[in-house]
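Reviewing the structure listed below.
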Amino acid sequence: MRLSTNLFYQRAQDSLTSSQSRLDKVQLQLTKQTRILSPADDPIGNSQVLALDEKLAQNAQFDRNSVTLENNLRREESVLSNMVDFIQRARTLAVNAGNGSLSEDNRESIALELRNIEQAMFDLANAQDESGEYIFAGFQNRIQPMEYNDASRSYSYRSDDGQRNIQLSPSLYLPAGDPGSKVFGTLSKRLDVEFTAGQGFVDELKASNIDDLDTYWDSANPDTQSATVQITAGNNFQVVNAGGATLASGTYTPGMEIEFEGISIKTSEDMGVGDQIDLNIGEPVSRNILTQIGDLAASLEGSADNTPEYFREEIASSLTAFDEAISSLTNTQGKVGARLNVLENTKLSNADLEIVNKKARADISDVDYSTAVTDLIKNETIYSAAQQVFTRVSRLSLFDYL
């Protein structure tokens, strides 16, 4: 067989190039630690690796989300705990303020501490995270949720009721916080009553049922906005409104508690036949916990100018509101704790899935080092031999055999 010089060198080059390509491929597999360098190496395996890479990237995002969520929940949990402590202290002060032996100076001192608690609660209600976002502001987390109105001397929540959710798994979303409207929003309604006669016969006045009082006041009849408690002959009592309608009646005992339309009046021992109490009933005023603390402090600050019944009424209202606030805050704490438990379990589940996915990916694409090193040595030997053979054969000449 006769070979041209050009064909001889072409075949030698093809052989060396093929050997070099196999050697480069093995070296690249070892360098990149994968046996699939292109989809052509293993089309099915390559598609499985891409799917697993996507799941691993998704899982990594869930891990980052879980860190953000845990920070938010831990921060909210701390703020709520401090709020509960402050309100419990305010409740203790309210109970102490009801002590009849306290002097005006004593009540002023209690009011001063309540003002400090009021300011502390205002700061907590407007607490921010490390990025400056308000944690109780719902979706509008760049807007201060609680503000004070100088004219009405009350606080109001001015954000929304939204809850931002953070994804922890393909189907699990957990709230990253709670809006202030649910945490420290409207908790109670103040009984707004103005006595026009007989105030001295009242030892205690309170709203025994705010829902009944709302219904009563909201009726279209303006006569419902005033009432008179009368003690009639035979030691009977009767409560009538401005239109003469009877709201309550029965046998009267000095010092008894008379209830009607959600209002409770505890009469004094001095009240007897012929005496009466006249009062105008205003619309029940909604209050949140900050406003309630401020109103209690204000009533104690002006205790010298008000009758004992006035600030006792405010104390009674405050105790009810404080109990409601503590209940609301502890319920929210429970929800935050439940989310933290779910978060912890989800993190463990995601970690397990990550291990499984990484193992599956390794089984499909990772290079077998013992096989790859063997192939590397073999292909190095083949390539070296091809070079040596070409060198020796290329030197052959017919003149060597003449």
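A simple count of charges around R75, restricted to other residues whose Cβ falls under 10 Å of its Cβ and scoring Lys, Arg +1 and Asp, Glu -1, yields -4. Among residues other than S327 with Cβ under 14 Å from its Cβ, the summed charge is +1 (Lys and Arg +1, Asp and Glu -1). Relative to the compact-globule estimate of 2.2 N^0.38 Å, the Cα radius of gyration of the stretch 53-135 comes out at 1.77.
A cut-off under 10 angstrom between Cβ atoms defines the neighbours of S208, and their net charge, with Lys, Arg +1 and Asp, Glu -1, is -3. Around the Cα centre of the stretch 311-357, unit charges on the Cβ atoms of Lys, Arg, Asp and Glu (plus for the first two, minus for the last two) sum to a dipole of about 80 debye. Rounded to the nearest 20, the size of the Cβ-charge dipole of the stretch 87-173 about its Cα centre is 220 debye, with Lys and Arg at +1 and Asp and Glu at -1.
The alpha-carbon positions of the stretch 66-114 define a convex hull whose volume is 46 Å³ per residue.
Give the value in nm², to one decimal: projected area of the alpha carbon convex hull of the stretch 81-237, averaged over all directions.
The directionally averaged projection comes out at 15.8 nm².
Pairs exceeding 20 Å between alpha-carbon atoms, taken from K55/K358; K55/K335; K182/K347: K55/K335; K182/K347.
Since every read-out is calculated from the coordinates, none of them should be taken as a lab result. Being a predicted model, the structure only gives us computed values, none of them experimental. Note that each Cβ is placed from the backbone with ideal geometry, even for glycine, and that neighbours are counted across all protein chains shown.
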